[in-house]
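Taken together, the values in this text are just the output of simple stated rules run on the coordinates, not laboratory data. Since we're looking at a predicted model, the values are computed, not measured. So basically every Cβ, Gly included, is an ideal-geometry build from the backbone, and we count neighbours across all protein chains shown.
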Amino acid sequence: MFQLFKLTLRERKWVLLSLGCMIFVALFNYVFVDMVQPIINEMFGLAPAASTVKAPDGSPATAMTDNAGRDVPQKAPPKGVVKVRTMDLVLRLFRISRQDIRKVLPFVVVFVIFGRGLFTFLSSFFMKAVGNKIVKTMRDDLYEHILYQSPGFFDQVTTGDIMSRLTNDVDKIQQAVSSAMSDMIEESFILIALLVQLFVTDWILALSVFVITPLAVIPLAAFNKQLKRKGKQSQVRMAHIYNLIFETITGNKIVKAFTMEQFELRKFLKASWSYFKINLRLAWISSLSSPFMEFIGGVVGAFILAVGAKRIANGNISPGDFGAFVIAIFLMFTPIKRLSRANSVIQQATGCYDRVQEILNRVPQIQDDPQAQPLAAVKGHVVFDRVSFSYNESRPVLFDVSFEVLPNEMAAIVGLSGAGKTTIVNLLSRFYEPTGGRISIDGVSIRDVTLASLRSQIGLVTQDIILFNDTVRNNIAYGLDDTPMDSIIEAAQASECHRFIMELPDGYETPIGEKGTLLSSGQRQRLAIARALLKNPPILILDEATSALDSESERLIQAALARILKDRTTFVIAHRLSTIRNADKILVIDKGRIVESGSHEKLMKKKGIYKKLHDLQFPEEEEMER
Ligand SMILES: Nc1ncnc2c1ncn2[C@@H]1O[C@H](COP(=O)(O)OP(=O)(O)O)[C@@H](O)[C@H]1O
Ligand SMILES: [Mg+2]
């Protein structure tokens, strides 16, 4: 709550403007109620008995006249009570005689209502502007913050969670700042103005109302508590339904393949029934609450009527005063309702604010060292020196990994899945920080250089291809805006993309749909290779980049790759060992350790793990060798 206030104060100028307008709204409300007394007394020809402005000496300031202009005997106002009516001040200010009041009053009514409307509009606009401004900044910050987080962050959070913070939570905060915050202030002002009004009009009547009201409020609070609890339960059950729908729509093929429609339907109907039940209970309570409130209101009203009638009869107040009093009470309903609503919105927003702060306070695990220098153009001499690593403290993934790859060499990393191959190349791009050891490129530790300069010299084609919802051309030239078309086509030809791209409806300008759904997985993989080639980096990582290709297109690409890989340092991770047979160096990884390394021939002679893997894939060769 306090934090939300602090947040709001960032836009001090607008908040102050809005605050000024709110004071005017409250003042106009005050004047509005004040008009009721003269309207009733003057228009209906009743004597303005208690409407007296006391002069400093304590005697009645003006001799009152009734409508016909005759002198009317004055009842002395109760001792010690000074009633200053704004109407009297206005009448005096504009020198309007009491005779003219009937002509003037309609204009005053219009003026007051117009004034109240104008300032309500202004204060509401200013606060909404504040809310929008604050939330825009917050959303921008949040997005930037998330974008710069290290991959480790994305391992821990789910996409849905981040999305809900960026949209739902931020919206709730906006609501709170835009409307709830201003409601809180504005309605408090109005409430205070009306309270003052009540006590000025008749403090005894006011006091008696305040004694009885709490008695009426207690059952109301019980109702609200029930409403809230059931509302929350209803939301939880809706979320469950939402999950079921999401699962079966995204997994529709699996549901069909296993003919599980009936099963899923039964699950859904059960969830839907339980949602229906809770909503029925909610409907019961909420339908009951309104008539119940009205009944209690009626009881309180009757009480006020009884006390008021007695006070009029005793001559303590005039009928006009009583009318003003009742109007003021009615006018208080709206602010009270809005205050309680604003309170619940703010409570919710406070939770959302904490969730947003949780992300804003999180520093990316991997950042540039303060003394980091940009990495100069590298030759590609990569050294891992006793590198160890674990994603989470409990389970180490790499142990003492040491190897050296010379400039322009092709290094292959092989091993069973889960051995740690991807992890090794992740460390080279500094997506994660090793827990021990040192990684260097051209003799410079990658910790001592800026992330941007390091990553700009590494090309990466990952296991899961990531394409953006954009044209073919922009997907290949990702991050390279002003690349000439010729080089794009060249890269596409080298990666065997050009032919299928030309068959697309708009060639290179064809949008490829969300995540590239309009392409086959082999085509997606070739696009990703084209993208890496176009970047033309001194170090290239192909992490199972050809695994989704059929043998025909793999053979085609292989030739092209061989040409491209010649003048750069390359790391190739592949399951199909045919791909890496002519690598300069093969690193065999098993359970996070390098167990063998060397050329294909050397490893085959060694008859270790590599040979076993090889023989599994090429049983014919084994036969031939015998
Ligand atoms: N982001 C991650 N968070 C936690 N553990 C991971 C993560 N990525 C991989 N691992 C674990 O690290 C080990 C090595 O994974 P990885 O390097 O991807 O294997 P490979 O590429 O050889 O198949 C596996 O046991 C895997 O479960
Ligand atoms: Mg992998």
Would you calculate, for the chain, the mean residue ellipticity at 222 nm contributed by helices, counting each DSSP H stretch of 4 or more residues as -39,500 (n - 2.57) and dividing by all residues, to the nearest 500? -19500 deg cm²/dmol
From the phi angles alone, apply the Karplus equation (6.51, -1.76, 1.60; θ = phi - 60°) to the range 278-283 and give each ³J(HN,Hα) in whole Hz, x where the residue is Gly or Pro. 5, 5, 5, 5, 4, 4
For the chain, alpha-carbon Rg relative to the globular expectation (2.2 N^0.38 Å, N residues): 1.54
Once both label points are put 7 Å beyond Cα along the C-beta direction, the K232-I466 separation in nm becomes 3.8
HN-Hα J couplings of the range 315-323 from phi, Karplus 6.51/-1.76/1.60, θ = phi - 60°, integer Hz, Gly and Pro as x? x, 6, 9, 8, x, x, 4, 4, x
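Where the only charges are on Cβ atoms (+1 Lys, Arg; -1 Asp, Glu), what is the dipole of the chain about its Cα centre, to the nearest 20 debye?
On the way: 73 positive and 63 negative charges, 577 e Å.
Once rounded to the nearest 20, the dipole reads 2780 debye.
Multiplying the sequence separation of E601 and Y143 by 0.36 nm and subtracting their Cα-Cα distance, what value in nm do you get?
Working: separation 458, 0.36 × 458 = 164.88 nm, distance 5.08 nm.
Gain on extension, E601 to Y143, equals 159.8 nm.
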Using alpha carbons only, how many angstrom separate the centre of the range 167-193 from the centre of the range 237-281? 37
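Ratio of alpha-carbon Rg to the 2.2 N^0.38 Å globular estimate for the range 2-360, to two decimals, please.
So the range 2-360 has a normalised radius of gyration of 1.38.
Tell me, in nm to one decimal, what length is gained between T259 and S274 on full extension, where the rule is 0.36 nm per residue of separation less the Cα-Cα distance?
Numbers: separation 15, 0.36 × 15 = 5.40 nm, distance 2.51 nm.
Gain in length upon complete extension: 2.9 nm.
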Residues whose built amide H sits under 5 Å from the amide H of L460, excluding neighbours closer than 5 in sequence, are I541
Which of E514, E11 comes first, and how do the rest follow, when ranked by fewest Cβ neighbours within 10 Å? E514, E11
Quote the relative contact order of the chain in percent (integer), defining contacts as alpha-carbon pairs under 8 Å separated by 6+ residues. 14
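Report, in debye and to the nearest 20, how large the dipole of the range 2-360 comes out about its Cα centre when Lys and Arg carry +1 and Asp and Glu carry -1 on their Cβ. Walk me through the numbers before you get to the answer.
On the way: 41 positive and 26 negative charges, 112 e Å.
So the dipole magnitude of the range 2-360 works out to roughly 540 debye.
If packing is taken as the average number of other Cβ atoms within 10 Å across a peptide's residues, how do 176-185, 159-168 rank, most packed first? Kindly include the intermediate steps, with their values, before the conclusion.
Details: 176-185: 23.6, 159-168: 13.1.
Highest-to-lowest ranking by the protection proxy: 176-185, 159-168.
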Between D448 and R341, what is the spin-label point distance in nm, taking each point 7 Å from the Cα along the Cα→C-beta axis? 6.4
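Relative contact order (percent) for the range 2-360, with alpha-carbon contacts under 8 angstrom and 6 or more residues of separation?
Numbers: 325 pairs, mean separation 112.5, N = 359.
Relative contact order for the range 2-360 comes out at 31 percent.
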Amide H within-cut-off set for N469, under 5 Å, with H built and near neighbours excluded: K515
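Could you pull out the GluC sites (Glu not before Pro) across the range 336-424 that fall in loop regions by DSSP (anything but H, G, I, E, B) with no more than 14 other Cβ atoms inside 10 Å?
On the way: sites: E358, E393, E404, E409; in loops: E393, E409.
Loop-located and lightly packed - E393.
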Say the dipole of the chain comes from +1 at the beta carbon of Lys and Arg and -1 at that of Asp and Glu; which of V387, I466, A309 then lies farthest toward its positive end? A309
Short version: ³J(HN,Hα) in whole Hz for each residue of the range 345-358, in order, from phi by Karplus 6.51 cos²θ - 1.76 cosθ + 1.60 (θ = phi - 60°), x for Gly and Pro, what are they? 4, 5, 4, 4, 5, 4, x, 5, 4, 4, 5, 5, 4, 3
Sequence-distant residues sharing a close amide H with A411 (under 5 Å, placed H): T570, F571, V572
Extending each Cα 7 Å along its Cβ direction at N168 and E509, get the distance between those two points in nm, one decimal. 4.1
Here the range 226-360 gives, from Cα atoms, an Rg and Dmax in Å of 25.7, 87
Alpha-carbon centroids, the range 455-512 and the range 328-383: separation in whole Å: 36
